[in-house]
Structure formats: structure tokens, C-alpha cells
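The values are calculated or read from the model by the stated rules, or taken from the named source; none is laboratory data. Source: prediction; values computed, not measured. Here the Cβ positions follow ideal geometry from the backbone for every residue, glycine too, while neighbour counts run over all protein chains shown.
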Amino acid sequence: MTEVTYSNKPLPGIEGPGFLATSLEKAVGMARANSLWPLPFATSCCGIEFMATMGSNYDLARFGSERMSFSPRQADLLIVAGTIAKKMGPVLRQVYLQMAEPRWVLSVGACASSGGIFDTYSVLQGIDKVIPVDVYVPGCPPRPEQILDGVMKIQELVRNESLRRRESDEYKTLLASYGIQ
Amino acid sequence: MQESIELNKEEVKEYTTLNLGPTHPATHGIFQNILKMDGEIIIDAEQTVGYIHRAFEKIAERRPFYQITTLTDRLNYCSSPINNMGWHMTVEKLLQVEVPKRAQYMRVIIMELARIADHLVCNAVVGVDTGALTGFTYMFQWREKIYDIYEQICGARLTTNIGRIGGMERDFNDDVYKKLREFLKEFPKAFSEFCSLLERNRIFFDRTINTGVISAERALNYGFTGPNLRATGVDYDVRVMNPYSSYQDFDFAIPVGSNGDTYDRFMVRQQEMWESLKIIQQALDNLPQGKYYADVPEFYLPPKEDVYNNMEALIWHFKIVMGEADVPKGEVYHAVEGGNGELGFYLISDGGRAPYKLHFRRPCFIYYQAYPEMIKGGMLSDAVVAMSSMNVIAGELDA
Amino acid sequence: MTQVNNAYIVEEVQAAFGTDILEHQEPYGMLTLVINPAKIVDLLTWFKQHPIIQAGFLTDISGAHFPDLKGGELNAVYHIQSMTQNIRIRIKCFVPVENPVIPSVVPLYSGANWMERETYDYYGIQFEGHPNLKRILNVDEMDYFPLRKEFPLEDGTRTDKEDKYFGR
């Protein structure tokens, strides 16, 4: 199991009086990680816990997610909170396709991760059947602290990602397996 | 010159089709409305629901009775304790079990707290849709205080699974009393600030009065219940017509509107929150002593000390967890006053461990049909505010 | 002032409808009438217009499937109530699964529109005269009626969950 370390140093690099030398990837990674604009795709009960996370007690805004973007083109992070039914699957896929690169997906709650307690004919057993997911947050519903932990793990992913992820073969094969060009 | 003037004499009207949903920031929940519009005025609307259909009724045919409480949590998830209590009361009606007074008063306190939580979300969101985001941020802080009380009682914040068939699973501890008294002291002050923000606000009046209107006859014809019906002038409240869980002991008023517009729905919910505070105060002051659960050995888990030492208690524990309970055959319908109206449970039992059929009478599903009629002839922004004032919760709409 | 209770209602209904009322019971205090499906609209109109009972509020329509009741496998259950007399009544009509047709009450109660669509979606009962009888909660392409007893709860095509680990 890999250890996730949360970097509390501002930016690794060579420091001197009045300058900091670091790689472009690290600088861009830091900028992206601390300014993720989420698209709250909230369908049911996890949506209310997400609203509580956005509220002042647990405050998602201090992680950089000040502005909830409802337009997919302007969002970096797709937060899917709540049950996705088979009727909703194509809609979710459309929203994911409309997002511009770079994009990440956070699946909040048991229903979005695996279908949850609803093992029925009408519920999609996990959104990873239609779109690629980066971080799964279990819970029914997860406490706001868990959702914040999920966002922090996404931040860790974003911070360490290469600038040209979309050109890499691994990413292309992943998207091809979902039928996305 | 003459020809061009004559050509323009006949106007051709062209309507716009606008797709509102299913994912839309203004619709709080996932349902789709395809609007036919003439500029800004709405001519017609076509609805599609079912985007979060989770087949509750089919799942309920598989589960033993006490496991269905977790399903009812997820119906109207803003006020899940009310759904839980409604289900417990339905099964208690089937088994003909009388719940002790103390448990009934405890249930009333929890249900009224849930009603306050539900109406807070609805009214704060009506504020957001008209542009007043401040009320939302402040009122959500108070929902956290209600969540703290739920956590002390049952351990969960949102999907609570409070209570058991036959009463409550544990008594209120001292922290619950302390938090309740604090809430009753501090919440009125904060709530008055929210009231003063919107209730006599000129801009709010212009946005909400005479928009999304429905008359009392049409509302009754559609089957409206709850605050939406009371806003049209009909004072139907299940707590007063068919009192359950000792509601007849409490003294509270039923706020009623007159116009059936968005402002009346907002004000009815505001007043209901004040009435709920009164009920909680009365219940706390008069909470009777005694047992907090009835004697239903087939459904109520025996205390753990008995299970580890006593053979009979061990056998009951095993039978309950396996779901082997003797239930009488029959059909029963029980209704409670949920946050949105009459939440009904129609249960057919054939004596087995799971219901033969369970149907939820969901108020949201029934009154959302009237939405096209309410917004016809109005403007798009008014339609958005009308939808949030109806408090349509997607989980209850699709079940 | 006549006391409006279940006995009074049974008396009035039998006087008006006679043999169309197939049986009446009172499980847990709620009057339950079983009626010939062809007369359901007349019965609900009669209840709405009766000067004393005034049962003019349709609470709910749902359905049920009893595979063992030959000739009456599917049924539709109507719950109505009278606001002024504070009384609730349940009305059932049984139809065979080969030809499940019941007249629609939408002209009488606008609220019945979606309630009947839901019952059609779950059980396949055809409501004659309904303005828009199509599926409401399930996907439109679904070709079976899921709440009937012969169909399973789970989706048969799912690949990630093995039934033997879930006790099925």
C-alpha cells in the first residue's frame, strides 16, 4: 500500500535571496492543486453532505474550491455525489466529455463508487462503468471530513501529475477502454 | 417600397425550446423540464423524472422489517427521522403495539427537529434562487447544530436510522438535553435575523408574490398536501386530522396562506418552523418518565447483558437478526406529516419475514405533476423560484 | 346529523352500486371495498359528489401482483379520503394478467396522471383513456414490468458482483 504524504512545504526547489528555482511541472502542479474548481454533480443524499462541506463549518473553499462551476468547460474536478441510475448514466458521460483537459473525477459515496446499497436493476453499479475515476470516497453518506480527505488526495494526484498527461499512452489506453476519443 | 411593407405584414411566431435539466444549477435535484417559450414567457412544459429511480419498492420486498428503515432514510433525505418514525409507526400499527408515552414524546422532539432542518434548506434555497446567498450560509450553520443533536442520539448525521420498532434504541443522555436547550435558546435569535432579511424585503416581494400560483381547488384535485397545500388556504395537516405519537397533547397552530403563490409557500414554512420550536419546548418540558420502548420481543433487540447470560435472550437476538419474526397477515396504511406533506406507507404483509408489498405515497411525486400548470404564462426566472419553493427532493420524487 | 362511519358508507355504497361491490372488509379500521373494474370511475365520482360523505381527495393509486389469484392477478388500489368527515377509504379492483385494463380516473382527478403511469410502469396495468400512458420512472426502452413477482431485483447482466457472495 503506497504511503500518501501531504507536502506542507510550499514548493520544492532551490531557494536563494529573492529567487526560487524549480521545475515548471512542480510550479504548475502547485497552481493546479490549490485552485481546483469543482463541478458538483450532486444527485441525492451525498449531495446534502457535499453542501455541508461547502458550508462554513467544514469549508471546502480554503482548499481553493471557492467557485463552484456548473459549466463543465470551466471546471477541473467532477465531484459525483449520489446514486447514478442507468437513466442518468448517458447524461453523466456527456458532462464528462464536455469537460476540458486537465480533468479529474472524485466519486463521493458508496452509490457512486459501486452502486451502494442499491443492487437493483435500475442503478448503475458504480460510475467507473461509464467514466474513469481518480479517487473514491466511501461512506453512506461520507462525513464532510472524509470528503475533504478525498479532495486532498486529488490534490496530491494533481500536484504530481506530468504536464502532458493527455499525450501519454497510459491515459490514451484508459480513455479508449471507456470508448472516449 | 410598397412591396416590402406588405411582405412584413404577417408575423410568424416562433417558439424556443429550452431544456432545463437534468443537471442544472437551478434545479435542486435531477429532473428535466423541456420548456416551450415565447421569448421569456413560458407556454408549456414537459417533464421527465426517474433519473434517480432506485426501485425502493422492489428492494423492500426482499428485506426484513427492521432493515427497511435504512431505505426510508433515503426518501426525503433532508428530514430522514420523520420517514423513519413513519415506518416504525406503520409496523407498530400492523403489530398493534402501543408505544410508551416517553418514547412518543422523544419521537415528537426528533421529528420536529427534522422538520426545522428540512424547511431551513428549502427557504434558504429560495433565498439563493432570488440572489440572497447570505441566508444560505448562515442557516446551514444551524443545520450543523441539528446534526450534532442527531449524532448524540443515533450516531449519524444525515441518514439517521433513528428509533426501533417499538420505541427508541437508547434514552437521551445529558448531552442531548444540554444541546437541545442551547438550540432552543440560540436558534430563535439567528432565525429572526434570517426572517428580517427576506420577509419584508421589497425585492423579494416583487420576485415572489403572484408567481407560481395555484388555486386551492386545483391543488386539491392534484392531491397536494403539506406546506404547498396550506399555502393555498386549505388547513390540512395529518398531525391534527389523524394524530399519531401524542401530537394531540401539544398546542400548536397551523399556518395557512391565501394566494397559493411562492411568497405564501415561503411564509408558511417560516411560520411552521416557529411552531415546531414551540412543540419541542412543550415536549421537553413535559417529557414523562418511564420506559422508552414497548415490549416487542420479536423486533426489539434485548440488552447485551441479557444476551450474553440468558439463553432466551440469545435466542430472541438470533431470531431478530435473522429476520424470523411472526407478523400478522394484513394490509395497513399509515400516514405521517413529512416535511413536504402526507407521507404514506401502504404495507401488505403475508406473514413472512419481508413485506409482500410496500408502497410509499410520496408527496413530492404527487405535487410535482402540477408544476407545468403553475408556471404557464410566467417568466423563466419565476419558474426557477417556484420550483425551489415547492421543495422537490429528487430522492422522494423517484424512490 | 348522520354519523358518518364505515357502516354508514357500506350501506350507502351498496344501495347505489349493488352487486358491483364484490366484497367489503375493514382491516385495521380502514374500510376496503372491492369493485368491478369497469365501475371504478362511477364509484369515485359518486364518492366525490355525495353530499354527506364528500370523499373528494385522491390520496394514492398503487398496484399489486398476486400470481396465485387466477383471473385477478393484478390489482389497482385507490386510497381516497374525505377532508370534511375525516375518513379514509380503500378501493381495489382486480384484473387478469392477460388483459389488465382499467378505466382511467384522470378526467376526475388530475393527480391520477402520474400515479397511474407509475402503476403502469411497475405492473403493466393498462389505464384506458389516460392521456399519456408511458413509463415514468424506468428507462423508456425497458420491455418488462419489474415489480411483478417473477422478475428479480438485481440486474442479471452485472459482472462485478457474484451472487454466491451475496447470499442469493
Residue list for the range C:42-74, restricted to those being touching a Pro at 6+ places or on another chain (Cβ under 7 Å) and either within 20 Å of residue B:366 (Cα to Cα) or acidic (Asp, Glu) (or both) | C:73
Within the range C:146-166, is even one residue touching a helix residue (DSSP H, G or I) at 6+ places or on another chain (Cβ under 6 Å) and either more than 25 Å from residue B:60 (Cβ to Cβ) or more than 10 Å from chain B (Cβ to nearest Cβ) (or both)?
-> no
Could you tell me whether the range C:59-82 includes any residue that is within 17 Å of residue C:130 (Cβ to Cβ) and loosely packed, with under 15 Cβ neighbours inside 10 Å?
-> no
Restricted to the range B:330-372, and to residues that are within 11 Å of chain C (Cβ to nearest Cβ) and polar (S, T, N, Q), which residue is farthest from residue B:71 (Cα to Cα)?
-> B:369
Residue C:121 versus (1) farther than 30 Å from residue B:218 by Cα; (2) of a type in the set (Asp, Glu); (3) within 11 Å of chain B (Cβ to nearest Cβ): which is the lone unmet condition?
-> (1)
Take the range A:97-129 and flag every residue that is touching a Pro at 6+ places or on another chain (Cβ under 8 Å), within 14 Å of chain B (Cβ to nearest Cβ) and closer than 17 Å to residue A:178 by Cβ.
-> A:98, A:99
Might you check whether a residue that is surrounded by 15 or more Cβ atoms within 10 Å (Cβ to Cβ), without any contact (Cβ under 8 Å) to a residue 24 or more places away in the chain and not charged (D, E, K, R) occurs anywhere in the range C:146-153?
-> yes
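Quick check on the range B:158-174. Is at least one of its residues part of a helix (DSSP H, G or I) and free of Cβ contacts under 8 Å to residues at least 60 places away in the same chain?
To start, the set of residues in the range B:158-174 that are part of a helix (DSSP H, G or I) comprises B:174.
Checking which are free of Cβ contacts under 8 Å to residues at least 60 places away in the same chain leaves us with B:174.
Checking the range B:158-174: at least one residue is part of a helix (DSSP H, G or I) and free of Cβ contacts under 8 Å to residues at least 60 places away in the same chain.
Restrict the check to the range B:29-41 and report whether at least one residue is in the same structural domain as residue B:380 (by TED's automatic domain parsing) and of a type in the set (Asp, Glu).
Checking the range B:29-41: not a single residue is in the same structural domain as residue B:380 (by TED's automatic domain parsing) and of a type in the set (Asp, Glu).
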Taking the stated definitions as given, is residue B:294 in contact with a strand residue (DSSP E or B) (Cβ under 6 Å, 6 or more places away or on another chain), surrounded by 15 or more Cβ atoms within 10 Å (Cβ to Cβ) and not aromatic (Phe, Trp, Tyr)?
-> yes
Do we find that residue A:62 is touching a Phe, Trp or Tyr at 6+ places or on another chain (Cβ under 6 Å), exposed (fewer than 15 other Cβ atoms within 10 Å of the Cβ) and more than 28 Å from residue B:48 (Cβ to Cβ) in this structure?
-> no
Applying the selection to the range C:85-107, what residues are away from every other protein chain (no Cβ under 14 Å) and of a type in the set (S, T, N, Q)?
-> C:99, C:104
Among the residues of the range A:122-132, count how many are touching a residue at least 12 places away in the same chain (Cβ under 8 Å) and surrounded by 22 or more Cβ atoms within 10 Å (Cβ to Cβ).
-> 5
Might you check whether a residue that is more than 14 Å from chain C (Cβ to nearest Cβ), without any contact (Cβ under 8 Å) to a residue 12 or more places away in the chain, of a type in the set (Gly, Ala, Ser) and under 26 Å from residue B:93 (Cα atoms) occurs anywhere in the range B:300-318?
-> yes
Scan the range B:211-245 for residues that are under 18 Å from the mean Cα position of the chain (by Cα) and of a type in the set (Ser, Thr, Tyr) and jot them down.
-> B:225, B:236, B:244, B:245
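Results for (1) at pLDDT 90 or above; (2) touching a strand residue (DSSP E or B) at 6+ places or on another chain (Cβ under 6 Å), shown as yes or no for each residue.
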residue	(1), (2)
C:24	no, yes
C:49	yes, no
C:59	yes, yes
C:77	yes, yes
C:81	yes, yes
C:107	yes, no
C:115	yes, yes
C:125	yes, yes
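Can you find even one residue in the range C:48-67 that is within 12 Å of the chain's Cα centre (by Cα), farther than 22 Å from residue B:90 by Cα and not basic (Lys, Arg)?
The first filter runs over the range C:48-67 and keeps only residues within 12 Å of the chain's Cα centre (by Cα), leaving C:58-65.
In the following step, the residues that additionally are farther than 22 Å from residue B:90 by Cα were identified as none.
Within the range C:48-67 (the criterion being within 12 Å of the chain's Cα centre (by Cα), farther than 22 Å from residue B:90 by Cα and not basic (Lys, Arg)), the answer is no, since none of the residues qualifies.
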Across the range A:43-96, the tally of residues that are among the aromatic types (Phe, Trp, Tyr) and assigned to a helix (DSSP H, G or I) stands at 3
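Residue by residue, here is whether (1) of a type outside the set (A, V, I, L, M); (2) under 23 Å from residue B:75 (Cα atoms) holds:
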{"residue": "B:297", "(1), (2)": "yes, no"}
{"residue": "B:304", "(1), (2)": "yes, no"}
{"residue": "B:307", "(1), (2)": "no, no"}
{"residue": "B:311", "(1), (2)": "no, no"}
{"residue": "B:319", "(1), (2)": "yes, no"}
{"residue": "B:336", "(1), (2)": "no, yes"}
{"residue": "B:339", "(1), (2)": "yes, yes"}
{"residue": "B:350", "(1), (2)": "yes, no"}
Number of the exception - residue B:225 against (1) touching a Gly at 6+ places or on another chain (Cβ under 8 Å); (2) of a type in the set (Ser, Thr, Tyr); (3) over 25 Å from residue B:333 (Cα atoms); (4) touching a residue at least 40 places away in the same chain (Cβ under 8 Å) = (3)
Residue in the range B:21-44 that is nearest to the other protein chains (Cβ to nearest Cβ), counting only those that are under 24 Å from the mean Cα position of the chain (by Cα) and outside any loop (DSSP other than H, G, I, E, B) | B:32
